[in-house]
Each structure stands twice: as structure tokens, then as C-alpha cells.
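Scroll down for the structure; my scribbles are underneath it.
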Amino acid sequence: MSNERFNALKGVQDIFPPDIYIWQKIESVAREVFYLYGYQEIRPPIIEYTDLFARSIGETTDIVEKEMYTFSDKGGRSITLRPEGTASVVRAYIEHHLYNLPSPQKFFYSGPMFRYERPQKGRFRQFYQIGVEAFGVAGPEMDAEVISMLCLLLDRIGLKGLNFEINSLGCDRCRPPYRKALIDFFRDRINNFCPDCNRRFHVNPLRLLDCKVERCVEMRKDSPEITAYLCDDCRSHLEGLISLLEVMQIPYKINPEMVRGLDYYTRTTFEVTSEGLGSQKAVAAGGRYDRLVEQFGGPQVPGIGFAVGMERIVLLLKDMGGITHPVPAIFIATLGREAIKEGLLLGERLRKRGLWVEVNLEASSLKSQLRRADRLSSRFVLIIGEEELLSGKVKWKDMRSGDQGEVAIKDVDNFPAQCPANK
Ligand code: HAM
């Protein structure tokens with residue numbers, strides 16, 4: 001056997017302390033906020049049939065064309081590691097007939113997503129999203145509530161200075177005239193665009209607006225905007241949302257160029273960005289998908305949702321600093337075999353009270369044990385040596401105030417309640 005060392009794949013990362021505490025904090029805040037709005041957790045699988053993503057996200061999107069982790073399983077089926085969560089939740093909603101339950105049905109999920117993108121700051125090949133999907137309400141009131149929930153979530157997480165952008169991508173009625181306007185605009189200049197744009201021009205011209213190639217971004221600057229082509233219903237939906245956002249005092253900007261990288265959207269789309277992130281600045285994004293349930297063989301049920309990108313939020317929080325992490329309440333320093341045994345027993349007794357207790361389990365000097373307690377930022381240290389075993393009392397030290405004292409081993413269950421610092 002060789003001693004070969006392995007590294008993690010490019011674009012994925014291990015998440016461990018202290019960063020993991022930021023992750024846990026975000027996850028717990030998200031649960032609290034979703035609870036306030038009646039969203040319940042759903043855990044779809046990480047693998048699905050490839051077609052589910054191809055048909056919902058869209059065959060001509062970057063995600064489906066270039067970024068999916070797709071493989072054949074042993075039975076020859078084409079399987080894909082989920083690049084996003086909406087398609088799976090919609091599939092589950094239909095598969096389990098959740099539309100028969102009282103409307104609206106509201107779900108949240110969290111977990112890893114996979115996209116074969118070029119890794120860079122804030123962009124990974126395995127990244128984590130926390131997302132929500134709400135089914136059954138067609139009016140802009142639902143959009144307003146979902147957006148408001150996202151604002152509360154980001155606020156409670158502690159993010160500041162975010163930009164909120166909204167747009168409408170219209171519906172089946174307003175898309176054809178818009179599509180025609182795009183074709184008219186691009187027709188004479190398409191040869192100057194990248195090969196992807198040329199290919200997509202014939203099948204899905206809207207996707208040209210999503211191309212990231214600099215030359216294409218520059219050349220499409222004056223292309224027609226969807227907002228000018230919205231049908232009456234889509235326009236009034238957008239106006240309804242805007243007036244609700246005003247009443248709810250949610251700051252927003254309309255960005256008619258925001259097309260999103262997924263084909264399933266109808267009407268409202270939104271994105272939250274932060275300048276602190278560099279080029280990958282979207283912290284969260286979402287929108288309405290009123291046709292998707294029907295398109296997958298379900299009833300005519302509208303849907304809306306969003307997903308936040310965990311890594312990007314973590315980056316922003318780390319930049320802000322001031323993140324606290326849990327520390328042991330008590331470090332039990334032990335000197336000698338018998339003391340270690342007593343320490344083990346004391347540790348178990350204290351943990352029953354819900355305290356994080358670290359017990360020194362190996363022979364080492366008091367000095368090095370105190371150094372370890374300090375490095376762990378343990379609040380209290382209990383010291384057990386031969387003398388303490390004989391007297392039945394252990395020494396304690398408050399590492400913050402420097403106070404010291406003794407406590408009888410039989411009374412340790414009440415420790416540190418009897419310390420001056422805790423009175
Ligand atoms: P998305 O815009 O593709 O939307 O992704 C949502 C968020 O996931 C992005 O704003 C970003 O924060 C994060 N994200 C995306 N790709 C990466 C990556 N490669 N590395 C790190 N973070 C990334 C969706 O996925 C939709 N399913 C959202 C949705 C839910 N729409 C309706 N419901």
C-alpha cells in the first residue's frame with residue numbers, strides 16, 4: 001500500500017471550526033425565520049434523473065449545457081447531482097400529491113448543490129444553498145411576503161448594505177413579442193457574438209442576455225428590455241408588487257436586464273447583491289415559476305421561491321468580523337492517573353447539566369494544561385491533583401477574572417453556580 005496523500009477536488013471545500021460556527025448560525029437563523037412564515041423543511045435527494053433538470057432549468061442554459069455533474073448509474077440511467085433545489089421540490093410536490101393539502105404549501109431546504117463552474121472567490125463546484133419554495137398563491141402579495149422574508153433573514157443574519165433588484169420576465173403571452181424584438185435586434189449583429197450566443201440565437205434568444213462573455217455583454221447594451229413588452233396582467237402584477245414593497249418599506253431597484261440563468265421563471269424575479277463580493281456578487285436570488293408544476297404533469301399551481309448562497313454569506317460575515325464561537329465552560333486539569341479517573345467522573349456529572357466540559361486525559365504538566373485551557377478560552381478550570389483527591393476538594397479558577405477558590409467534589413454539581421463570577 002502506498003502512502004499517497006489526497007487533496008479535495010478543485011472547487012470544493014472542507015468546512016470546519018471556526019467557520020463552521022458561522023454556518024451553523026446562518027442555518028439556525030434561517031430555521032427561526034422560516035418558522036415565522038410557516039415554511040416546513042423538505043429534504044429531497046441530491047441525485048435526480050438528468051431530464052428533470054434539463055427540462056426545468058432549460059436545455060440551452062449554461063447550467064444544463066456546461067455545468068452539470070451527470071453520470072450513468074450501473075443500470076444505465078442518466079443521473080445528475082442537483083445543480084439547484086427548485087426542480088427537486090417541484091418534483092416532490094407533484095409526486096406526493098402535496099397539492100391536495102391546503103394551499104399554500106411552503107417548504108424550505110438546505111444542502112449542497114453542484115455546478116461545474118470555474119472556481120473563484122465566492123464560486124464553488126460544490127456549494128450550499130438554503131432555499132424556499134411556496135406553492136399555490138398567484139398574486140403579488142405572495143411575492144411581497146417571500147421578498148420580505150428574505151430581507152428579514154438577511155437582516156437577522158447581520159448583513160448590511162445589500163442591493164435588492166427585481167424584474168419581471170413576463171409570461172407565455174408577452175414572451176413571443178419580446179422574443180421577436182430580440183431576434184430583430186440581434187439578427188444583423190449575431191455574427192459578432194460568441195459561438196454559444198450564435199447557437200442560442202436560434203433556439204432561445206432570451207439566453208443571449210445571460211451570456212457572460214465581455215464582448216457579448218458590451219454589444220447587447222441597447223437590446224430591448226422585457227419591461228416594455230409585458231402584457232397587461234404581467235404589468236399589473238409587477239405594479240402590484242412594487243406598491244406592496246413601497247408600503248412594506250422594502251428598498252428595491254428595478255433591473256430590466258436581470259434575466260436569471262434558469263428558464264423556468266415567469267413574472268417576478270429578484271436578486272440580492274453585495275458589492276463586497278467582487279464579481280460573484282449575488283447573495284440570494286429567486287422568482288416565480290407559475291408554469292413549472294403544470295409542465296411536469298401536475299395541476300395548474302403557481303410557485304415562487306429563492307435560494308441564498310451560503311459560501312457568499314459566510315464570506316461577507318467573515319469580512320465583518322466579530323463572530324463568536326462556543327467555548328468550554330469548564331476545563332478539568334488532572335495530575336496523575338487517579339486524578340484523571342476522578343476528572344472523567346466529574347466531567348460526566350457536569351455534562352449532565354448541559355455544560356461543555358473538557359477533561360485532560362493524558363499525563364501532562366499543569367502549565368501545559370492551563371495553556372490548553374486558555375487556548376480553548378475555557379471560562380473555568382478545575383484542578384485535581386493528589387492533594388485534592390485526599391482532601392475531597394478541588395481547586396477552581398475563573399480564567400476571566402482570575403478569582404480562585406475550592407469546591408468539594410460532592411458539590412461540583414452546583415459548580416460554577418457558587419463562584420463569585422456567577423453570583
Ligand atoms: P441561482 O441564482 O442559480 O438560483 O442560485 C442562487 C444563489 O446560489 C446565488 O445567488 C448564489 O448566491 C448561489 N450560487 C449559485 N451558484 C453558485 C456557485 N457556483 N458557488 C457558490 N454559490 C453559488 C437558483 O438556484 C434557484 N433555484 C433559486 C430559486 C429558488 N428560484 C426559485 N426558487
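A single entry from 338, 348, 387 fulfils the requirement of being surrounded by fewer than 22 Cβ atoms within 10 Å (Cβ to Cβ), more than 16 Å from the ligand (Cβ to nearest atom), under 37 Å from the mean Cα position of the chain (by Cα) and in a helix (DSSP H, G or I): 348.
Taking the listed residues 283, 213, 301, the one that is over 24 Å from the mean Cα position of the chain (by Cα) and at pLDDT 95 or above is 301, with no other qualifying.
Within segment 64-85, identify whether any single residue is within 21 Å of the chain's Cα centre (by Cα), within 16 Å of the ligand (Cβ to nearest atom) and over 30 Å from residue 198 (Cβ atoms), and answer yes or no. Checking segment 64-85: at least one residue is within 21 Å of the chain's Cα centre (by Cα), within 16 Å of the ligand (Cβ to nearest atom) and over 30 Å from residue 198 (Cβ atoms).
Is there a residue in segment 236-243 that is touching a residue at least 60 places away in the same chain (Cβ under 8 Å) and assigned to a loop (DSSP other than H, G, I, E, B)? No, there is no match, as no residue in segment 236-243 is touching a residue at least 60 places away in the same chain (Cβ under 8 Å) and assigned to a loop (DSSP other than H, G, I, E, B).
Which members of segment 353-380 meet the condition of being charged (D, E, K, R) and over 24 Å from residue 400 (Cα atoms)?
362
Screening residue 120 with (1) surrounded by fewer than 20 Cβ atoms within 10 Å (Cβ to Cβ); (2) over 23 Å from residue 23 (Cα atoms) gives one miss only, at (2). Kindly indicate whether residue 313 is part of a loop (DSSP other than H, G, I, E, B), farther than 14 Å from residue 171 by Cα, under 25 Å from the mean Cα position of the chain (by Cα) and modelled with pLDDT of 95 or more. No; evaluated as a whole, the condition is false for this residue.
Summed over segment 257-273, the residues that are touching a helix residue (DSSP H, G or I) at 6+ places or on another chain (Cβ under 9 Å) and in a strand (DSSP E or B) give a count of 5. Under the condition of being among the aliphatic types (A, V, I, L, M) and either assigned to a helix (DSSP H, G or I) or surrounded by fewer than 17 Cβ atoms within 10 Å (Cβ to Cβ) (or both), the residues counted in segment 375-384 number 1. Of all residue pairs spaced 6 or more apart or on separate chains, those with beta-carbon atoms under 6 Å, a first member in segment 129-147 that is closer than 13 Å to residue 308 by Cβ and touching a residue at least 12 places away in the same chain (Cβ under 8 Å) and a second member that is more than 9 Å from the ligand (Cβ to nearest atom) and part of a helix (DSSP H, G or I) are 130/30.
Checked against (1) surrounded by fewer than 17 Cβ atoms within 10 Å (Cβ to Cβ); (2) modelled with pLDDT under 95; (3) over 30 Å from the mean Cα position of the chain (by Cα); (4) within 23 Å of residue 171 (Cα to Cα), residue 197 meets all criteria but (1). Checking 297, 276 one by one, the residue that is touching an Asp or Glu at 6+ places or on another chain (Cβ under 8 Å) and either in contact (Cβ under 8 Å) with a residue 24 or more places away in the chain or in a loop (DSSP other than H, G, I, E, B) (or both) is 276 and no other. For segment 126-229, the helices (runs of 4 or more DSSP H) that sit wholly inside it and include 1 or more residues that are within 14 Å of the ligand (Cβ to nearest atom) are 140-157. Every condition in (1) surrounded by 22 or more Cβ atoms within 10 Å (Cβ to Cβ); (2) touching a Ser or Thr at 6+ places or on another chain (Cβ under 8 Å) holds for residue 284 except the one numbered (2).
Answer with yes or no whether residue 56 is within 14 Å of residue 308 (Cα to Cα), within 16 Å of the ligand (Cβ to nearest atom), in contact with a helix residue (DSSP H, G or I) (Cβ under 8 Å, 6 or more places away or on another chain) and at pLDDT 95 or above. The answer is no for residue 56.
Within segment 235-291, the set of residues being more than 10 Å from the ligand (Cβ to nearest atom), under 17 Å from residue 56 (Cβ atoms) and not hydroxyl-bearing (Ser, Thr, Tyr) comprises 259, 263, 267, 290, 291.
The values are calculated or read from the model by the stated rules, or taken from the named source; none is laboratory data. Everything quoted here is computed from the prediction, not taken from an experiment. We place every Cβ from the backbone using ideal geometry, glycine too, and count neighbours over all the protein chains shown.
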